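Enquirer: Below are the structure tokens for one structure; questions will follow.
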Amino acid sequence: MERGLINITSATTTTLRDINNSLGGNVKSISLANTSPSTSVRVQVFLEDALANKSYIVVTDIPGLVTLVLNDVVSFNNAVLALKITTSAGGLGTSTPLSAIIK
């Protein structure tokens with residue numbers, strides 16, 4: 001998979017930028033595309049420190065076949081914080097197909 005491109009296919013927490021990642025803590029945009037034709041996906045994008053303390057950037061449901069673009073998202077201290085996303089099925093659905101592009 002190309003750097004910055006992430007496909008998520010199940011309800012999970014995915015690290016987008018880990019602590020001390022060589023890409024650093026400057027994120028210009030995050031694009032989150034729900035590739036399901038009918039099921040919404042609940043997303044939580046947040047910063048997390050080594051003690052699992054979280055600061056949420058966005059918590060929302062993305063309807064099927066809709067893309068959410070977060071511009072000028074965040075600049076953070078990558079030495080102590082990681083950028084993560086948690087996905088779960090929104091509504092009555094069970095699948096969580098999501099494509100993320102981090103720039």
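Enquirer: Quickly work out the Ser29-to-Thr15 label distance, labels modelled 7 Å from Cα along the C-beta direction, and quote it in nm with one decimal.
Expert: With each label placed 7 Å out from Cα toward Cβ, I get 2.7 nm.
Enquirer: Here is a further query. Mind giving me the FRET efficiency for Ser22 and Asp61? R0 is 41 Å, r the Cβ-Cβ distance, nearest 0.05 is fine. Walk me through the numbers on the way to the answer.
Expert: Details: r = 33 Å, r/R0 = 0.80.
Efficiency computed from Cβ-Cβ geometry: 0.80.
Enquirer: As an exercise, take the mean of 1/r over every pair of distinct alpha carbons in the chain, invert it, and state the Kirkwood radius in angstroms.
Expert: 13.7 Å
Enquirer: Where a Cα-Cα gap under 17 Å defines reach, which aspartates and glutamates qualify for Lys28, not counting those fewer than 8 residues away within the same chain?
Expert: Counting by Cα, and skipping residues close in sequence, Lys28 has these aspartates and glutamates nearby: Asp18, Asp72.
Enquirer: Can you tell me which lysines have their Cα less than 19 Å from the Cα of Lys54? Leave out same-chain residues fewer than eight positions away.
Expert: Within reach: Lys84.
Enquirer: While we're here: Could you state the accessible area per residue of the chain in Å², with a 1.4 Å probe and every protein chain left in place?
Expert: 55 Å²
Enquirer: Tell me the label-point distance for the pair Asp49, Lys103, using the 7 Å Cα-to-Cβ offset, in nm and rounded to one decimal.
Expert: 3.2 nm
The values are calculated or read from the model by the stated rules, or taken from the named source; none is laboratory data. The shown structure was predicted, so the numbers you read here are calculated from the model rather than taken from an experiment. Here Cβ is always computed from backbone atoms with ideal geometry, including for glycine, and neighbour counts include all displayed protein chains. These accessible areas exclude ligands, DNA and RNA; they are computed on the full protein's heavy atoms, side chains included. Shrake-Rupley method; radii C 1.70, N 1.55, O 1.52, S 1.80 Å.
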